[in-house]
Amino acid sequence: MIPSHTMPYPDAAPAAFLDRDGTLIEDRGHLRSPSDVVFYPDTFNALRRLQNEFRLFIVTNQSGIGKGLITSTEADQVNQYVVDQLHQAGVRIEQVYCCPHHRDEGCACIKPKPFFMEQAARDFTLDLSASFAVGDHPHDVQFATNAGAEGVYVLTGHGHQHRAEAPEGAKIVSGIREAADWILGRHFMRKLEREKPGQIANAAQILRNGGVVAFPTETVYGLGANALDAEAVAQIFEIKQRPHFDPLIVHIHTPEQLNELVCEIPASAQLVMDHFWPGPLTLVLPKNPDVPDLVTSGLPSVAVRMPAHPLALELLRQAGTPIAAPSANRFGCTSPTTAQHVFNQLGTAPGMILDGGPCAVGVESTIISFTEAQPVLLRAGGIAIEEIEHLLGPLRRNTLDDSQPTAPGQLSQHYSPRTPLLFKEQAPELSTLKIGLLSFREPGCRKSYCAVEVLSASGNLREAAANLFASMHRLDALHLDLILTERVPGTGLGLAINDRLSRAAHPQHPTSHR
Ligand code: TXA
Ligand code: MG
């Protein structure tokens, strides 16, 4: 029990303290004018998501002022411009804290000193123990630690250059988007531990005892069982009501766990693992004989991934065993991206459903097979194929063959809502039907639809992917006759979105008033 005098105020809010240069905007030296500001493309969306749970602050060391390289008026103008641009994108910054001093001046406010975070805590009634700081310099992480918060180190800006100096154990991510994903995951995990203490430990115990647990990952919620226990894995198929056994993805939390599962790691597989794990990438590799045939459907290979959700990693760590997990939905239905979606489909069938908040990526992992000389793309997913080809060169694309699917996501019909879903161009004469629209951007006209779900008003494919299944679930709950949709641009995550939409589309015609 924590003594009450050390408890934060009951209304104390968690906050995210964001470094400016190299974190939100490009680090281009001492910025003198708003025209020098270049935002990272991910900044707006990442901050929009963060502000759902956190109050946002910018904390920036501008030693260029103390060195006489820029004036404080110039620094203020740049800060104001950054705040205004964010405001226009729907992001509210509570305050910008700027240290104008040269490090040699020995001021009280320069990061990593916790001065500004402590001041904000007093002025805005914040709970620093539930707060985070993000930055591209070891000072930014130290700043968090010094104030009792948690730091996240980004590899943008000076991040790469100073990587070796990042404090031991600091969470290192590629940039602001991954920082937001990680922070939100940690936040929901702590919330769960606060509201239902011991839940993660109980879930780990259930898994060790051969039970089944639904848990969050950054892509979709998974329905997991001990991957090395065939009886435990059999329950997954029962709960999902899969008509046949499909091979499952095995989840791990350290690279060492791979040795329990696979017997060979080609250099190209190692390269992508080092680059994208933890993250939404699954590798199919030659399997170790210890992996039960039920997990791999008798194939000589096994699919493995290290998820990027903090709660999934913690569960894996506490369970101490690799976890086989397909998406936690009934066979053929829309994948769950919240704990509520899982409950709506599976009820109390899993031993437990762990709530880790909404999934950040929202579409399943990209699957690549390394069982042949040239890597093969088996499923488009949460990591854009362009990013992988950038590392590996061209991938072979698996052609769709329903008679012999290597991935159930490759069945031509999958992910379907109960309501018939069609592409706009396939739509029949519609006048009497109750129709919902699943639209990429804001549609030109809303009035012919009973309901409209917009995947991303700004046309951001990553945002669209994160919203895809939740939007389908919402439309599906409205008892419409028909959902119409449209394809999104086929680049980046658009490939995975179009793939899921095509497979969710029902071939049969809708009838009025089902
Ligand atoms: O994001 C994801 O990957 C989510 C979360 C929970 O991690 N999991 C997921 O699992 O989507 P599931 O079961 O819905 O899809 C697993 C896919 C299947 O399409 C399966 O056929 C393929 O992985 N797969 C598994 N083992 C394979 C193997 N040895 N060879 C080829 N494909 C394999
Ligand atoms: Mg910086």
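The values are calculated or read from the model by the stated rules, or taken from the named source; none is laboratory data. These numbers were taken from a predicted model, which means no experiment stands behind them. Cβ placement follows ideal geometry from the backbone for every residue including glycine, while neighbour counts extend to all protein chains displayed. Calculation scope for accessible area: heavy atoms of the full protein, side chains included, ligands and nucleic acids excluded. Shrake-Rupley method; radii C 1.70, N 1.55, O 1.52, S 1.80 Å.
Of note:
- Restricting segment 291-318 to residues that are in a helix (DSSP H, G or I) and either free of Cβ contacts under 8 Å to residues at least 60 places away in the same chain or surrounded by fewer than 20 Cβ atoms within 10 Å (Cβ to Cβ) (or both), the residue that is nearest to ligand 2 (Cβ to nearest atom): Arg317
- Those residues of segment 142-173 which are under 20 Å from Phe276 (Cβ atoms) and part of a helix (DSSP H, G or I), in sequence order: Arg163
- Filtering segment 54-79 to residues that are outside any strand (DSSP E or B), touching a helix residue (DSSP H, G or I) at 6+ places or on another chain (Cβ under 9 Å) and not aliphatic (A, V, I, L, M) leaves Phe54, Gln62, Ser63, Gly64, Gly66, Thr71, Ser72, Glu74, Gln77.
- Screening the candidates Pro197, Pro138 for the property of being surrounded by fewer than 23 Cβ atoms within 10 Å (Cβ to Cβ) and within 17 Å of Asp21 (Cα to Cα) yields one hit, Pro138.
- Criterion violated by Leu354 - all others in (1) closer than 28 Å to Met472 by Cα; (2) within 12 Å of ligand 1 (Cβ to nearest atom); (3) within 21 Å of the chain's Cα centre (by Cα) satisfied: (2)
- Residue among Thr282, Thr321 that alone is in a strand (DSSP E or B) and of a type outside the set (A, V, I, L, M, F, W, C): Thr282
- For segment 129-142, the tally of residues that are away from ligand 2 (no atom under 11 Å from the Cβ) and either at pLDDT below 95 or more than 24 Å from the chain's Cα centre (by Cα) (or both) stands at 1.
- Leu283 vs. criteria of a type in the set (A, V, I, L, M, F, W, C), within 9 Å of ligand 1 (Cβ to nearest atom) and surrounded by 22 or more Cβ atoms within 10 Å (Cβ to Cβ): no
- Selection status of Ala504, among the small types (Gly, Ala, Ser), open to solvent by less than 20 Å² (accessible area, probe 1.4 Å) and not assigned by TED's automatic domain parsing to the domain that holds Glu386: yes
- Filter result for Pro405 (within 13 Å of ligand 1 (Cβ to nearest atom), in a loop (DSSP other than H, G, I, E, B), open to solvent by less than 70 Å² (accessible area, probe 1.4 Å) and modelled with pLDDT under 95): yes
- Scanning segment 319-329 for residues that are within 8 Å of ligand 1 (Cβ to nearest atom), open to solvent by 10 Å² or more (accessible area, probe 1.4 Å) and not hydroxyl-bearing (Ser, Thr, Tyr) turns up just one, Pro326.
- Remark: pairs (first residue in segment 425-446, without any contact (Cβ under 8 Å) to a residue 12 or more places away in the chain; second residue open to solvent by less than 20 Å² (accessible area, probe 1.4 Å); Cβ separation under 7 Å; 6+ apart in sequence or on different chains) = Pro443/Leu437.
- Among the residues of segment 174-231, the ones that are within 24 Å of Arg500 (Cβ to Cβ) and either within 12 Å of the chain's Cα centre (by Cα) or in a loop (DSSP other than H, G, I, E, B) (or both) come to 12 in all.
- Options Thr485, Thr511, Thr491, Thr419; residue that is surrounded by fewer than 20 Cβ atoms within 10 Å (Cβ to Cβ) and modelled with pLDDT of 90 or more: Thr491
- Qualifying residue in segment 73-91 (condition: out of contact with any Pro (no Cβ under 9 Å at 6 or more places or on another chain), free of Cβ contacts under 8 Å to residues at least 24 places away in the same chain, open to solvent by 10 Å² or more (accessible area, probe 1.4 Å) and hydrophobic (A, V, I, L, M, F, W, C)): no
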